[in-house]
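Notes follow once the structure below has been shown.
The values are calculated or read from the model by the stated rules, or taken from the named source; none is laboratory data. What you see is a predicted model; the values in this text were computed from it and never measured. A quick note on method: Cβ atoms are made from the backbone with ideal geometry, for glycine too, and the neighbour counts reach across all protein chains shown. Please note that ligands, DNA and RNA were not included when accessible areas were found on the heavy atoms of the full protein model with its side chains. Shrake-Rupley method; radii C 1.70, N 1.55, O 1.52, S 1.80 Å.
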Amino acid sequence: MAAMNDLSTRSATAADLDGVLAFWKAAAEGVSISDDADGVERLVRRDPDALILAEREGALVGTVIAGFDGWRCHLYRLAVHPEQRRRGVGSALLAAAEERFAALGGRRADAMVLDRNDLAQRAWHAAGYGPEAQWSRWVKHLTA
């Protein structure tokens, strides 16, 4: 994938999954019902290019999940290590995700952003994304 100075992005592999889960505990806001080895392994097995990693000097500094279901482009788990924020990591991850979507024929990307996460909302806005007031997210957990 892309390289930016000393920053590079690539698709995750099975060997990365434990590190990704540990990274999310340190860098992501909140937890998800899918934040476990089985959930992430299933994602990478089903869509090997969906989980995009950013690395600097061999260290994981950011992630984004760029899921495409053949109809819509969805972004999840944009997380940047706190010490790496405002250094182009999020922008590089979103650029890689948007390139993936364009190559797959995607026309519009949406992102899940916590209402209470002001820092994330500012970052998404700076990247050209905005909320759509006419939509609400409806959720039903399928497992306990």
Low-density loop trypsin sites (Lys or Arg not before Pro), the stretch 92-144, at most 10 other Cβ within 10 Å, DSSP non-H/G/I/E/B, are R107, R108, R116, R137, K140
For the stretch 42-95 the chymotrypsin sites (Phe, Trp or Tyr not before Pro) that pass both the DSSP coil test and the at-most-12 other-Cβ-within-10 Å test are W71
GluC sites (Glu not before Pro) in the stretch 87-144 lying in a DSSP loop, each with at most 10 other Cβ atoms within 10 Å of its Cβ, come to E132
With a 1.4 angstrom probe the carbon and sulfur portion of accessible area for the chain, in percent, totals 51
Pseudo-spin-label distance W71 to E29, built 7 Å along Cα→Cβ, given in nm, is 2.8
With the label point 7 Å along the Cα-to-beta-carbon line of E99 and a cut-off under 20 Å to each amide N, the hits in the stretch 41-56 are 47-56
Relative contact order as a percentage, the chain, C-alpha pairs under 8 Å and 6+ apart, gives 20
Bridge orientation stat for the chain from DSSP, antiparallel percent rounded to 5, came to 85
With the 1.4 Å probe rolled over protein heavy atoms, the chain has an accessible area per residue in Å² of 66
From DSSP H assignment alone, runs of 4+ in the chain each adding -39500 (n - 2.57), the sum over residues rounded to the nearest 500 puts [θ] at 222 nm at -10000 deg cm²/dmol
